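Participant: Structure in structure tokens, see below.
The values are calculated or read from the model by the stated rules, or taken from the named source; none is laboratory data. None of the values given here were measured: they were computed from a predicted structure. No Cβ is skipped: glycine too gets one built from the backbone with ideal geometry, and neighbour counts run over all protein chains shown. Calculation scope for accessible area: heavy atoms of the full protein, side chains included, ligands and nucleic acids excluded. Shrake-Rupley method; radii C 1.70, N 1.55, O 1.52, S 1.80 Å.
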Amino acid sequence: MTSIEPHDDSPPLPHAHALTWGVAALPHRGPKRELSTERIVEAAIEIADADGLEAVSMGRVAAAVGVAPMSLYRYVTGKDDLLLLMFDAASEVTVPSTGGSWRERVKQWALFVRATYDAHPWLADLPPSATPTTPNRLAILEAGLVALEEVDAPDRMKVPTLLLLLGYIALYARASSDADVDDEVRRALPELVTDERFPLLAPAVREGMFEPQQPDDGRGFGFGLSRLLDGIARWLERGEPDDDVERMPAAIVADKQVREAAKAVAEAREQLRRAESKAADAVAKATERLLAAEAKAEAAEAKAAAKAGAKAAKAEAKRSKRD
């Protein structure tokens, strides 16, 4: 991505970033006077909203605005630039101040941000970075800091908190989409997810856990958001520094000894599951056997009592006759 010379004393920026910040040099007027960067980005967003991010190409955008593909390069240097501009433009969120507690304000903020992802589902294909660099993405954080303004915590902790919530919103938007799921594979899951391989997950799959879902009514998203806010509230109440969490080397996932240890744990867990299943079966059979024995003993006692009662009644009848 090439850099451009900014206006005034602005720092040099890559072309797309300079456009988002309004410090890029404007192109010379082309043959179509109505064409602009804004119109190009708007057309690209319309395509992505209708057909997904993979449908966006320089050729299709050019056709949408009625120019030859090469004409677009007067305004954007390439598709990467275009994607950045789309990401920023579609991220424009206006969050009204609603008052209430910090938790209520943060929840409102999160719902407005999520509404943006609902309006532009492809945003989830461009997950937020640890360092937002465009005005609208930074404005989202600014609105979040307004919601957290009365919270007694340093900004260096508030910003990571908001990034955590932004990551959840984007991940939920992506994870709640079934657009890429093959229907044949979905139908095969109950047979593929066996009790032997996935003993805890298999029952849920058989009960329809991964059947096509109706549009989210907000309960799933709200549950996760509430749990995150619960954790933040608990952290604020505790008022203690977090324990250091050491980062594992990425190569650990391919380490032979670690993989063998994990395999041994999985095998031991399977043996334990089978042993527990046998124990549960033994308990069930022993319970059934003992209950049957108790019932038999009770029946025998009842029979004996009935027989004794009949005998006593017969003896009483004989005495009555003699008298």
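Participant: Determine whether V151 is surrounded by 15 or more Cβ atoms within 10 Å (Cβ to Cβ), touching a helix residue (DSSP H, G or I) at 6+ places or on another chain (Cβ under 6 Å) and in a loop (DSSP other than H, G, I, E, B).
Facilitator: Numbers: surrounded by 15 or more Cβ atoms within 10 Å (Cβ to Cβ): yes; touching a helix residue (DSSP H, G or I) at 6+ places or on another chain (Cβ under 6 Å): yes; in a loop (DSSP other than H, G, I, E, B): yes.
Yes: the conditions hold for V151.
Participant: Also, I was wondering about something else. Going residue by residue through segment 46-53, is there one that turns out to be open to solvent by 30 Å² or more (accessible area, probe 1.4 Å), in a loop (DSSP other than H, G, I, E, B) and on the phi > 0 side of the Ramachandran plot?
Facilitator: First, the residues of segment 46-53 that are open to solvent by 30 Å² or more (accessible area, probe 1.4 Å): 46, 49-51.
From what's left, in a loop (DSSP other than H, G, I, E, B): none.
Within segment 46-53, not a single residue is open to solvent by 30 Å² or more (accessible area, probe 1.4 Å), in a loop (DSSP other than H, G, I, E, B) and on the phi > 0 side of the Ramachandran plot.
Participant: Return the only residue of P190, P203, P160, P199 being modelled with pLDDT of 80 or more, closer than 30 Å to N136 by Cα and open to solvent by less than 80 Å² (accessible area, probe 1.4 Å).
Facilitator: The match here is P160.
Yes/no matrix, rows are residues, columns are (1) farther than 17 Å from R273 by Cβ; (2) at pLDDT 90 or above; (3) open to solvent by less than 80 Å² (accessible area, probe 1.4 Å):
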position	(1), (2), (3)
D195	no, no, yes
P215	yes, no, no
R219	yes, no, no
G231	yes, yes, yes
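Participant: Since K79 meets every condition but one in (1) more than 26 Å from S36 (Cα to Cα); (2) open to solvent by 50 Å² or more (accessible area, probe 1.4 Å), which condition does it not meet?
Facilitator: With (1) more than 26 Å from S36 (Cα to Cα); (2) open to solvent by 50 Å² or more (accessible area, probe 1.4 Å) applied to K79, the lone miss is (1).
Participant: Given (1) farther than 30 Å from P199 by Cα; (2) open to solvent by 60 Å² or more (accessible area, probe 1.4 Å), identify the lone condition not met by R273.
Facilitator: So the condition that R273 fails would be (1).
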